[in-house]
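Chemist: Pasting a structure below so you can have a look.
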Amino acid sequence: MSSHQDYLFDLGFEIKLLAREAKRERDAAPEGSEARTFNNGRLLAFHRVVSLMQQQALGLGISLADLRLDDIDPDRDLM
């Protein structure tokens, strides 16, 4: 693997972990709380980032597995 491939392989995995953490924190926060509102915004941002990374990868012929983003569906897992 090249350093670019290694970078993207690690980046996809780290972003996915942070996105799932944001969802757990959002879901744990009480309805209507500032923490819930903050974490909901954070989760929406991760939804957009993961979606964009997946769309760009597919458009460029890069396997989602190469980014470790093949096991996450933003609309299912980050909403």
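Chemist: For a Förster distance of 22 Å, can you work out the FRET efficiency between the beta-carbons of L58 and E21, rounded to the nearest 0.05? The partial results should precede the final answer.
Modeler: Values: r = 25 Å, r/R0 = 1.13.
The calculated FRET efficiency here is 0.30.
Chemist: Taking only C-alpha pairs under 8 Å that are 6+ residues apart, what is the relative contact order of the chain in percent? Present the calculation step by step, with values, prior to reporting the outcome.
Modeler: Numbers: 69 pairs, mean separation 31.4, N = 79.
Here the relative contact order equals 40 percent.
Chemist: Kindly write out, for segment 4-11 in residue order, the coupling ³J(HN,Hα) from the Karplus curve 6.51 cos²θ - 1.76 cosθ + 1.60 (θ = phi - 60°), rounded to whole Hz, with x marking Gly and Pro.
Modeler: Couplings: 5, 5, 4, 4, 5, 4, 6, 4 Hz.
Chemist: Calculate for the chain the 222 nm mean residue ellipticity that helices alone would give, adding -39,500 (n - 2.57) per DSSP H run of length 4 or more and normalising by residue count, nearest 500 deg cm²/dmol. Show your work: numbers first, answer last.
Modeler: Details: 3 runs with 56 residues, N = 79.
My calculation for the chain gives -24000 deg cm²/dmol from helical runs alone.
Chemist: Hey, with R₀ at 22 Å, roughly what FRET efficiency would S33 and R76 work out to, going by the Cβ-Cβ distance, to 0.05?
Modeler: On the way: r = 25 Å, r/R0 = 1.12.
FRET efficiency, S33 to R76: 0.35.
Chemist: Which angle from 0 to 90°, rounded to the nearest 10, does the C-alpha axis of helix 34-59 make with the longest principal axis of the chain?
Modeler: Relative to the chain, helix 34-59 is tipped by roughly 20 degrees.
Chemist: Right, next: Taking a quarter of the surface of the convex hull around the Cα atoms of the chain, what do you get in nm²?
Modeler: Numbers: hull surface 20.3 nm².
Computing the convex hull of the Cα atoms and averaging its projections yields 5.1 nm².
Quick note: the coordinates plus some simple rules give every number you see, no bench work behind them. What you are looking at is a predicted structure, and each value in this text was computed from that prediction instead of being measured. Glycine gets a Cβ as well: all are built from the backbone with ideal geometry, and neighbour counts include every protein chain shown.
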